[in-house]
Amino acid sequence: MRTTVGIIGAGPAGLLLARLLHNAGIDSVVLESRDRAYVEQRQRAGILEQGTVDVLRAAGAGARMDREGLPHDGIELRFDRRRHRVDFPALTGGRAVMVYAQTEVCKDLIALQLKEGGPLLFEAEALAVEDAGTDSPRVRYRHEGRESVLECDYVVGCDGFWGVARKAVPEHLSRVFERTYPFGWLGVLADVPPSHDELVYARHDRGFALLSMRSPSVSRLYLQVPEGTDAADWGDEEIWDELERRFETGDDWRLERGPITQKSVTPMRSYVHEPMRHGRLFLAGDAAHIVPPTGAKGLNLAVGDVVTFARALVHLGETGSAERLDAYSETCLRRVWQAERFSYDMTTMLHRAPGATPFDDRIQLARLDRIATSRAAGTDLAEGYTGFPLD
Ligand code: RFL
Ligand code: PHB
């Protein structure tokens with residue numbers, strides 16, 4: 001098989017890229033190792049930045065998001081039994097975010113791709129990217145028990161953190177920047193209306209907690225837990241008790257409980273692979289970088305990368321200039337490092353590290369108090385949360 005752009009991975013990065021290329025009249029083939037049901041049900045992100053919302057709409061993939069998504073104009077920070085609302089539009093000149101789950105973004109893009117786009121092969125596992133340094137890179141893959149080769153002009157590795165694309169960058173050209181955190185998130189889905197109409201990020205001496213949502217009737221909640229925790233170690237009532245403690249306030253706010261339908265633990269890491277391009281192989285999304293989920297940036301960064309790639313390829317077609325493609329890695333990395341910084345700041349401000357001292361606690365509270373009392377500090381958070389510009 002031959003195509004212009006071979007895309008490895010049908011997560012948000014690969015699926016959106018296929019859509020953007022289709023809209024620009026550029027053909028692609030998407031290879032996805034898992035089956036469709038798995039990709040459509042994998043619970044992950046919930047927050048779309050303003051820029052991501054705009055991109056999905058412009059790509060013709062925003063109709064259901066606009067019907068069913070929940071526009072949010074702020075978040076609440078909770079600390080020391082206090083509640084502080086960060087008002088995004090007021091601080092950013094009108095920017096906001098949308099609560100619309102990654103599962104739904106993927107379902108919408110898969111339906112569009114199967115109806116209007118090029119081939120999207122499920123249960124097609126990429127084994128290796130070959131000849132990335134030449135004009136005709138190839139992807140070796142296995143589909144329906146047979147090994148085949150996809151011949152491409154360009155390969156985009158959208159295959160997530162555990163994928164194969166990154167391995168095709170020669171080791172002596174790669175640099176990795178990494179930090180792991182000694183805690184993870186226990187995430188639950190619960191059939192109960194969210195106890196607050198906006199997300200609540202809580203800093204507590206017992207650890208971080210987050211209240212989010214999937215719809216007006218489904219809550220998504222997270223608890224900071226020690227690294228290596230098994231979700232099965234936590235009973236449902238124990239989870240609710242702990243959430244209640246960490247969300248405590250000085251007023252009469254109450255956490256509503258309901259049946260927990262899913263439970264899992266996510267490790268936390270910051271990771272950047274430089275460069276994001278080698279010859280005609282481009283890395284996008286989690287294949288190139290990971291952020292801890294505290295800043296809600298992962299999916300949005302993936303969107304930024306593929307928009308940058310698609311625009312650069314269109315620019316090449318229209319002008320004959322490869323300048324933007326050549327600048328892909330630097331262009332993306334500038335934005336990636338801002339998101340890494342933001343996610344790191346949010347994580348270290350809100351989580352209690354094992355061995356944290358009373359001094360560390362006071363510094364965290366002072367950082368939160370600064371956001372609550374200084375418009376400049378509040379604006380910095382609001383700009384970071386609603387997203388850094390794409391250009
Ligand atoms: P994905 O989604 O991991 O997709 C990669 C796809 O590649 C496939 N694949 C292969 N296919 C073929 N051949 C191979 N050899 C392959 N190897 C892998 C995989 O099966 C998969 O389908 O990467 P992508 O597209 O870069 O998207 C990144 C996002 O998924 C990720 O950054 C976010 O989910 C992170 N994240 C959040 N991001 C946000 O922007 N806002 C949030 O609120 C947010 N919350 C979260 C999150 C991630 C979480 N977890 C579980 C890590 C909350 C959590 C709990
Ligand atoms: C989610 O709803 O899954 C979610 C929301 C905000 C975050 C991380 C995850 O920072």
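Nothing in this text is a laboratory measurement; each read-out follows from the coordinates by a stated rule. This is a predicted model, so every value here is computed, not measured. Virtual Cβ from ideal backbone geometry, glycine too; neighbours counted across all protein chains shown.
Listed values, structure above:
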quantity	calculated
Selected from 14, 46, 228 as most flexible by GNM, with the chain as the system and alpha-carbon contacts under 10 Å	228
Shape category assigned to segment 351-391 from the gyration tensor of Cα positions, a/c cut at 1.5	oblate
Taking segment 114-221 and dividing mean pair separation by its residue count, relative contact order in percent (alpha carbons under 8 Å, at least six apart)	16
Segment 207-323: relative contact order in percent, alpha carbon pairs under 8 Å with at least 6 residues between	15
Cα-centred dipole magnitude for the chain, charges only on beta-carbon of K, R (+1) and D, E (-1), debye, nearest 20	360
Expected-Rg normalisation [2.2 N^0.38 Å, Cα atoms] applied to the chain	1.00
Contact order relative to length of the chain, as percent, for alpha carbon pairs under 8 angstrom and 6 or more apart	20
Neighbour-limited loop hits for trypsin sites (Lys or Arg not before Pro), segment 72-120 (at most 16 other Cβ within 10 Å; DSSP other than H, G, I, E, B)	81
Directionally averaged shadow of segment 16-109, computed from the convex hull of its alpha-carbon atoms, nm²	8.2
Rg and Dmax [Cα atoms of segment 72-188; Å; Rg one decimal, Dmax integer]	21.3, 60
Antiparallel DSSP beta bridges within the chain, percent to nearest 5	75
Crossing angle, helix 358-373 versus the chain [Cα axis fit, 0-90 degrees, rounded to tens]	80
Per-residue ³J(HN,Hα) for segment 38-55, Karplus 6.51 cos²θ - 1.76 cosθ + 1.60, θ = phi - 60°, Hz, x for Gly and Pro	4, 4, 7, 10, 5, 6, 8, 5, x, 10, 9, 5, 3, x, 5, 4, 4, 5
DSSP beta bridges in segment 1-141 [antiparallel fraction, %, rounded to 5]	75
Ellipticity estimate at 222 nm from DSSP helix runs (n ≥ 4, -39,500 (n - 2.57)) divided over the chain, nearest 500	-11000 deg cm²/dmol
Listed residue (348, 292, 278) projecting farthest to the positive dipole end of segment 247-348, Cβ model	278
Dipole of segment 4-52 [Lys/Arg +1, Asp/Glu -1 at C-beta], most positive-end residue of 37, 50, 12	37
Taking N as its residue count, the alpha carbon Rg of segment 224-344 over 2.2 N^0.38 Å	1.51
0 to 90° range, to nearest 10: angle between helix 298-319 axis and the chain longest Cα axis	30
Separation between Cα centres of segment 184-263 and segment 29-85, rounded to whole Å	19
